[in-house]
Amino acid sequence: MRRDHTAEAASPTAATFLSRRGFLGAVGGGLAATTLAACGSGGGSTGSGSEIVFMNQSRGQAAALGQLARKYTQQTGVKIKIDDVGPADFLTKLQSSSQSHNMPDIYSAMDSFSMAPYYKAGWAMDLTERMKGSWGDTFRPATLRTTTFTADNPQHVKPGIYSAHWESPALGIFVNASMFKAAGLDADQPPATMSEFIDQLRKIKKSGKDPFWFAASLSNQLVQSYASNYFTDEELNATFTGKSSWKSEGWRRTFQLLVDLRDAGVISTGSLPSGNSDNPNVEKAFFNNQGVAAIFDGTSAVGVARATAPDFTDFRSFPVPKADDGTQTPRLVGGAAKGAAVNPRSKNADKALKFVQWLTDPDQQTAFAKEVPLIPSARAVPAENIPQQLTGIAAKVSDVQLVANQMNQQVVTALQKGAEAIVLKERSVDQVLGDLDTAQRRA
Amino acid sequence: MRHRNRMLAAGVFLAPALAMIAVFTVIPFVQGILLSFQSWDGVSADTPFVGLDNYRWVMDDTEFWGSMKNAVVFGAVGLVVANAVSMVMALAVHRARRGSAFFRTVYYLPGVFSTVVVGVMFSWFLDPKIGIVNQALKTLGLDGLTHNWLGDPKTAVIAVAAVFVWYHWGFGFILFLAGRQDVPNELYEAASLDGARGWAQFRYVTWPGMSHVTGIVSVLTLLSGLQIFGTVQVLTNGGPAGHTSVPTLNIYQQAFQFNEYGRAAAMSVIFGACLVALACVQLWVSRRLGGGTNSRTEKGR
């Protein structure tokens, strides 16, 4: 069965005089014509032909993107229309655009799981060959690796690269420097091991402050960060693709981190916040209220801080501390965030590709980084453009995990639920690992 | 001939409404059922038939069936607590000699807000650190009663249910108020002459007189409780550790997070059938109760 939507516009029957029956016929015909016309014409682009339409998901980067688009128009004469639909409506609007065959020329590329159906359906240009040239050389290897669909990808997308990114994020620990100082600790000296970090958090707690918090929706990222102490990237990939079981010693030790944090009593409120705005609530507690000394978050948090708590700058960042009993060098979770995919069915596909190539050029990424606090994906962007609060994480950004496939969304959901259950002492580590195997098998 | 013309005109005038119902209700309904036998990722043009695979998958999904328990809790809370609160408020406002317009507006107001606004607002109110609820308790010296309302499994369902009641009481309130105003005063006068006071008047005059409204409000609040989604998604997203998970949230996750639209459709069909069955039971019970009491009311008249 096919789900193609094609329709022809009907026109009302001409009437020589307007009798009642003729009037009703004309009204009926008009309604039918309007309804059928609204179904779309089966085209592949929303653009008018002369302008390129970019459906943008990001609110935080909208202004910077708009500025760069205007600059590009001035330089080349090619008009770029940025359609800022925002994060809440982006996927819904993109899905309805694909169903009506009315896709934009360019659209934001998010995580691989969400975008895979579009890539599978042929709505994204395969950039693999183009990335083999000088364009590809401008990116950090981690950005390219994490955006490459390999042959064993569980989404069954044809192997290749379908998006180009200008942000290379990473996740780590953010600490309130003055709270650390008040507890006799030096925030500029990151803890060498996880046990040292937990000791620091205990001291924070003794000083009467809330020590550490992270959102349930980021628990999978924390777990994956810490797992790199026990697994190589290939071993992580084997688990994420279901070739290896979650019930292994490495994962047991990884999840033990949650038990250790819980038993040390350093998780603020004794539970992980959940809900739609769980991470915003954590960020609010850290940046706005300064009610918690340390959080686990992504580098994009600095942009949130700059927008919502511009006066609070006394914080530092560092990667998740290494495990005391780790067998591998720990690596950050990250690689690629904001980027774009080009619609190959668009009449403007070549022009759109040129714009995306221009947008991801180091010069434009430098301009981007000046407007929005982020770690650029271009290797050549000078370090002074990286915000001071991100330098701790940025220093290790070359140590990003190069895992070919990510956890599927069903496993992510089960892991987040399991992390909450461990912190609440409702499930043991072994039970949660069993749940993850089940989620992987049933996905 | 004239009759035929009248029928034709009626058909033409009904046609737009019927077309709307067909496009926005009947076709999606049929498509939803059809989709439950297919596999679709939400984008692909191919939607192969998979027979009963989706239904088999749902039957084995312990999380979906586990979440039914919470739906029943929210349905029961909606049916009993939300309706009781709405009725008490409606009766109080009906009796009020002053400020009834003010209270009518205030009590109805929560239902005007969008679910997301309500969810975000209460997630702030119930925040364990800076929430107004805990801050108020601290101000009153009741530090011992401060709590992680949404983070503790013992209180999360109660907190979400309380928000649900607050959000939905306006709907029941306005209908109960209209129903109460519909009960003739002569019945109360007659009841007074027979010596009926407070509770007796409510039991034998007010309750039977409002039975038709109670029936419809009960069905609608029961269904609202069973289908609760937005409040849960914004407040807890099913957490902590799945304690507030509901079927609608599972359906949403399957479709929009896991890109498994066929499984989501199968869940919807099963859940929809459960809702229809429960609504039928509820209507039957209402008719049984209302039918008897209505006849008494008619006799009273």
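The values are calculated or read from the model by the stated rules, or taken from the named source; none is laboratory data. The structure presented is a predicted model; accordingly, all values stated were derived computationally and were not measured. A quick note on method: Cβ atoms are made from the backbone with ideal geometry, for glycine too, and the neighbour counts reach across all protein chains shown. Quick note on the areas: whole protein, heavy atoms, side chains included, nothing else; ligands and nucleic acids left out. Shrake-Rupley method; radii C 1.70, N 1.55, O 1.52, S 1.80 Å.
Data table
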read-out	value
Which listed residue, of A:P169, A:P154, A:P159, A:P117, is surrounded by 23 or more Cβ atoms within 10 Å (Cβ to Cβ) and of a type outside the set (A, V, I, L, M, F, W, C)	A:P169
Candidate set: region A:334-344, residues that are at pLDDT below 95 and open to solvent by 10 Å² or more (accessible area, probe 1.4 Å); chosen: the one farthest from the chain's Cα centre (by Cα)	A:G334
Unique match (being free of Cβ contacts under 8 Å to residues at least 24 places away in the same chain and small (G, A, S)) among B:G119, B:G99	B:G99
Filter result for A:T269 (assigned to a helix (DSSP H, G or I) and out of contact with any Gly (no Cβ under 9 Å at 6 or more places or on another chain))	no
Residue check for A:Y226: open to solvent by 10 Å² or more (accessible area, probe 1.4 Å), over 20 Å from the mean Cα position of the chain (by Cα), more than 14 Å from chain B (Cβ to nearest Cβ) and among the hydroxyl-bearing types (S, T, Y)	no
Residues that are within 13 Å of chain B (Cβ to nearest Cβ) and crowded, with 18+ Cβ neighbours inside 10 Å, drawn from region A:72-99	A:F90, A:L91, A:L94, A:S97, A:S98
Those residues of region A:229-281 which are farther than 27 Å from B:W124 by Cβ and of a type in the set (K, R), in sequence order	A:K243, A:K247, A:R252, A:R253
Positions within region A:45-104 being part of a loop (DSSP other than H, G, I, E, B), modelled with pLDDT under 90 and in contact with a helix residue (DSSP H, G or I) (Cβ under 8 Å, 6 or more places away or on another chain), in sequence order	A:T46, A:S58, A:R59, A:G60, A:Q61
Contacts under 8 angstrom Cβ, first residue in region A:106-127 being farther than 23 Å from A:G66 by Cβ, partner basic (K, R), 6 or more apart	A:Y119/A:K158; A:K120/A:K158; A:G122/A:R345; A:W123/A:R345; A:D126/A:K158
Test: A:Q365 is open to solvent by less than 50 Å² (accessible area, probe 1.4 Å) and touching a helix residue (DSSP H, G or I) at 6+ places or on another chain (Cβ under 7 Å)	no
Every residue from region A:239-270 that is out of contact with any helix residue (DSSP H, G or I) (no Cβ under 6 Å at 6 or more places or on another chain) and more than 22 Å from A:D325 (Cα to Cα)	A:F240, A:T241, A:K243, A:S268, A:T269, A:G270
Region A:198-223 residues that are within 14 Å of chain B (Cβ to nearest Cβ) and open to solvent by 20 Å² or more (accessible area, probe 1.4 Å), paired with ones that are assigned to a helix (DSSP H, G or I) and of a type in the set (S, T, Y) (beta carbon under 7 Å, 6 or more apart)	A:D210/A:S268
Yes/no for A:I386 being free of Cβ contacts under 8 Å to residues at least 24 places away in the same chain and touching a helix residue (DSSP H, G or I) at 6+ places or on another chain (Cβ under 6 Å)	yes
Hits in region B:218-242 - residues which are open to solvent by 10 Å² or more (accessible area, probe 1.4 Å), facing chain A (nearest Cβ under 9 Å) and on the phi < 0 side of the Ramachandran plot	B:Q233
Single match in B:V58, B:V26 (criterion: at pLDDT 95 or above and surrounded by fewer than 14 Cβ atoms within 10 Å (Cβ to Cβ))	B:V26
Residue within region A:116-133 that is away from every other protein chain (no Cβ under 14 Å), in contact with a His (Cβ under 9 Å, 6 or more places away or on another chain) and part of a loop (DSSP other than H, G, I, E, B) present	no
Filtered residue count, region A:228-238, keeping only those that are touching a helix residue (DSSP H, G or I) at 6+ places or on another chain (Cβ under 8 Å) and either free of Cβ contacts under 8 Å to residues at least 60 places away in the same chain or closer than 14 Å to A:A404 by Cβ (or both)	3
Hits in region A:402-429 - residues which are out of contact with any strand residue (DSSP E or B) (no Cβ under 8 Å at 6 or more places or on another chain), assigned to a helix (DSSP H, G or I) and under 21 Å from A:G270 (Cα atoms)	A:T413, A:A414, A:L415, A:Q416, A:K417, A:G418, A:A419, A:E420, A:A421, A:I422, A:V429
From A:E384, A:E371, residue being at pLDDT below 80 and open to solvent by 70 Å² or more (accessible area, probe 1.4 Å)	A:E384
Residue under evaluation A:N276, criteria (1) crowded, with 19+ Cβ neighbours inside 10 Å; (2) out of contact with any helix residue (DSSP H, G or I) (no Cβ under 8 Å at 6 or more places or on another chain), criterion not met	(2)
Where a residue in region A:415-443 is away from chain B (no Cβ under 11 Å) and of a type outside the set (S, T, N, Q) and its partner, wherever it lies, is open to solvent by 50 Å² or more (accessible area, probe 1.4 Å) and part of a helix (DSSP H, G or I), with Cβ under 6 Å and at least six apart	A:V429/A:R252
Only listed residue being among the hydrophobic types (A, V, I, L, M, F, W, C) and modelled with pLDDT under 90, chosen from B:V205, B:V281, B:V246, B:V276	B:V281
Residues (open to solvent by less than 20 Å² (accessible area, probe 1.4 Å) and closer than 15 Å to A:N288 by Cα) located in region B:118-136	B:D127, B:G131
Pairs with Cβ under 8 Å, 6+ apart, first in region A:291-309 and closer than 18 Å to A:P321 by Cβ, second buried (at least 18 other Cβ atoms within 10 Å of the Cβ) and among the polar types (S, T, N, Q)	A:V292/A:N176; A:V292/A:S268; A:A293/A:N176; A:A294/A:N176; A:F296/A:Q221; A:D297/A:N279; A:G298/A:Q221; A:T299/A:S317
Residues satisfying the stated conditions in region A:398-411, i.e. crowded, with 23+ Cβ neighbours inside 10 Å and within 16 Å of the chain's Cα centre (by Cα)	A:V400, A:Q401, A:V403, A:Q406, A:M407
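Matching residues to (1) open to solvent by less than 90 Å² (accessible area, probe 1.4 Å); (2) modelled with pLDDT of 95 or more; (3) aliphatic (A, V, I, L, M); (4) closer than 27 Å to A:Q155 by Cα:
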{"position": "B:R4", "(1), (2), (3), (4)": "no, no, no, no"}
{"position": "B:G11", "(1), (2), (3), (4)": "yes, no, no, no"}
{"position": "B:A15", "(1), (2), (3), (4)": "yes, yes, yes, no"}
{"position": "B:G42", "(1), (2), (3), (4)": "yes, no, no, yes"}
{"position": "B:D46", "(1), (2), (3), (4)": "yes, no, no, yes"}
{"position": "B:G66", "(1), (2), (3), (4)": "yes, no, no, no"}
{"position": "B:K69", "(1), (2), (3), (4)": "no, no, no, no"}
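Condition check ((1) more than 14 Å from chain A (Cβ to nearest Cβ); (2) more than 30 Å from B:V217 (Cα to Cα); (3) at pLDDT below 95) across all residues:
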position	(1), (2), (3)
B:R95	yes, no, yes
B:D127	no, yes, yes
B:Q135	no, yes, yes
B:D143	yes, yes, yes
